[in-house]
Number of protein chains: 2
Amino acid sequence: MRETDFVSGFARGLKVIEAFGETRQRLSIAEAAKLTELDRATVRRSLLTLAELGYADYDGKFFTLTPKILRLGHAYLSATPLPALLQPHLDLLSEKAGQSASASVLDGTDIVYIARASQRRVMSINLTPGSRLPAYCASMGRVLLAALTESEARAILARSELKQNTANTRTDPDELIAEFRRVRTEGYAIIDQELEIGLCSIAVPIDNDRGETVAAINIGAPAALVPAAEMKERYLPLLKETQAALRPLLRR
Amino acid sequence: MRETDFVSGFARGLKVIEAFGETRQRLSIAEAAKLTELDRATVRRSLLTLAELGYADYDGKFFTLTPKILRLGHAYLSATPLPALLQPHLDLLSEKAGQSASASVLDGTDIVYIARASQRRVMSINLTPGSRLPAYCASMGRVLLAALTESEARAILARSELKQNTANTRTDPDELIAEFRRVRTEGYAIIDQELEIGLCSIAVPIDNDRGETVAAINIGAPAALVPAAEMKERYLPLLKETQAALRPLLRR
DNA sequence: TGACATTTGTTCATATATCGCACAAAGTAA
DNA sequence: TTACTTTGTGCGATATATGAACAAATGTCA
């Protein structure tokens, strides 16, 4: 790509939008400039542009994003067949298991939820399509990282903030790489309260007809009701069933 | 705002992202140019910028959005307190009613879902935060339009594509304006299969402590199980209860 | 309170980058 | 082949970013 094939004003504007996610809903020009590491004058122009287009409100002091911003993410969710394809299968899976079922893909060091069928709320955080979790300590994340080559996975771990969320959280890269190897061999990943106390989950990869992993699906359950040791026998058959039902639908 | 406070490269780029929502997942440069009514060279630069930043993939012929684009909408959902504030109340409401409960705000002629607690799937379409429905034929839309002045509401109806989705759909602006007046007086709106055959819903406004309507919440139910005539007695008390519980929480 | 320091928002001139046109090249379909 | 569509590129006109300077607001301290 040539230098001139890059619209830096556009790139700067996207950076400004993302700055809102990192903090609160209201940002002053100076705050946005600090977060984005852009010049105040430049950020101001981007924010005024967002306001002019209705993507943001401006009260003379603070900018806030408006729901119109959701059109951008929605452009992906409605345009990509994967979420719509997975949804009915997740509904069925969730109903059979009596627990929440989700699907996600990898984006950098995070997994991003692209579809979800929730039964009852067991997590303290609220997950919807677009929600993100660190890949290294999520069952779907383990499955998606396991699908990469070891050097790719190691590179992502190196960029990840390997935080000790609970006493169970594995944060040693070598240990994680070894776990990915096991996941590849056995075809599933189980998380026992590594993200949040009280929450277990089990995930399997979703492959297309070329054998490329395009997403992961999981079932999450409260540890109090379903001990990690029982996750496999209870839910792996259901997950495998869903996995098999999806395979022929995923032409690349 | 001065002419020079507008970054047209940024505005053009956002238009390009939205173009993906209107059709399928893959867009060529020429297709995107047609949809956005921008110059091909401009669209090409925007798309290459998106690809360079990882928001899009490019195979040399077609561009597709990547899940990274969800970061933009997520910047709103995670930055705005309203969705997180409403979610637990919707969960409770949904459980008490045994039906799906949702919250939405107005964006132009559409309502945009910002939170949802689904019980079982009754609609053919899959609703998640970010999903949009035309306001004129949705119960939450009626409530949100009723909160505007009549001239504002009329202006939005004038811009809406008043489509006859089912035999029940009301499409006459004067009739709709009269219905808004009733909604304002009685404090709720009921939709009887105007959007989709088999689906009824009832909505109430959510006001902040200044009495400004900031969102709407609803309960949707299959018409086969809950006739429209029963919606009010069954669900209005639950909705009013949730509405009252939320009021003190909504400081502006 | 008032004086001073600091932060924030805005403006401006100018160097620089982008836009859109026109044309060239490469595919496509008949 | 011809006709048509799509994509890539060079260039002049035009729009934007930059950083400094200024104004306004805010905070600090005696």
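The table below lists the values:
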item: Qualifying position, being more than 16 Å from DNA strand D (Cβ to nearest atom) and surrounded by 22 or more Cβ atoms within 10 Å (Cβ to Cβ), among A:Gly108, A:Gly98, A:Gly141; result: A:Gly141
item: Number of positions in the range B:59-87 that are within 18 Å of B:Gln25 (Cα to Cα) and out of contact with any Leu (no Cβ under 7 Å at 6 or more places or on another chain); result: 10
item: Residue that is nearest to the chain's Cα centre (by Cα), among those in the range B:212-239 that are in a helix (DSSP H, G or I) and touching a residue at least 40 places away in the same chain (Cβ under 8 Å); result: B:Leu239
item: Every pair of residues 6+ apart whose Cβ atoms lie under 7 Å, when the first sits in the range B:141-166 and is over 20 Å from B:Ser131 (Cα atoms) while the second is part of a loop (DSSP other than H, G, I, E, B); result: B:Gln164/B:Thr171; B:Thr166/B:Gln193; B:Thr166/B:Glu194; B:Thr166/B:Glu196; B:Thr166/B:Ile197
item: Residue in the range B:1-9 that is within 9 Å of chain A (Cβ to nearest Cβ), buried (at least 18 other Cβ atoms within 10 Å of the Cβ) and at pLDDT 90 or above present; result: no
item: Residue pairs meeting the criteria (Cβ under 6 Å; at least 6 apart or on separate chains; first facing chain A (nearest Cβ under 7 Å), in the range B:68-89; second in a helix (DSSP H, G or I) and surrounded by fewer than 21 Cβ atoms within 10 Å (Cβ to Cβ)); result: B:Arg71/A:Glu18; B:His74/A:Gly21; B:Ala75/A:Glu18; B:Ala75/A:Gly21; B:Ser78/A:Gly21; B:Ala79/A:Gly21
item: Test result for A:Ala30, within 14 Å of DNA strand C (Cβ to nearest atom), hydrophobic (A, V, I, L, M, F, W, C), in a helix (DSSP H, G or I) and within 8 Å of another protein chain (Cβ to nearest Cβ); result: no
item: Check on B:Glu95, acidic (Asp, Glu), touching a strand residue (DSSP E or B) at 6+ places or on another chain (Cβ under 9 Å) and assigned to a helix (DSSP H, G or I); result: yes
item: In the range A:45-67, residue farthest from B:Leu133 (Cα to Cα) [restricted to those that are of a type in the set (A, V, I, L, M) and facing chain B (nearest Cβ under 7 Å)]; result: A:Leu48
item: Evaluation of B:Leu93 against (1) closer than 24 Å to A:Ile111 by Cα; (2) modelled with pLDDT of 90 or more (one fails), failing number; result: (1)
item: Check on B:Ser124, more than 9 Å from every other protein chain (Cβ to nearest Cβ), over 10 Å from the mean Cα position of the chain (by Cα) and at pLDDT below 90; result: yes
item: Condition broken by B:Thr42, with the remaining ones in (1) at pLDDT 90 or above; (2) part of a helix (DSSP H, G or I); (3) more than 7 Å from chain A (Cβ to nearest Cβ) satisfied; result: (1)
item: Failed item in (1) in a helix (DSSP H, G or I); (2) more than 16 Å from DNA strand D (Cβ to nearest atom), with B:Phe20 passing the rest; result: (2)
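The values are calculated or read from the model by the stated rules, or taken from the named source; none is laboratory data. Model, not experiment: these values are computed from the prediction. Note that we place each Cβ from the backbone using ideal geometry, even for glycine, and neighbour counts take in every protein chain shown.
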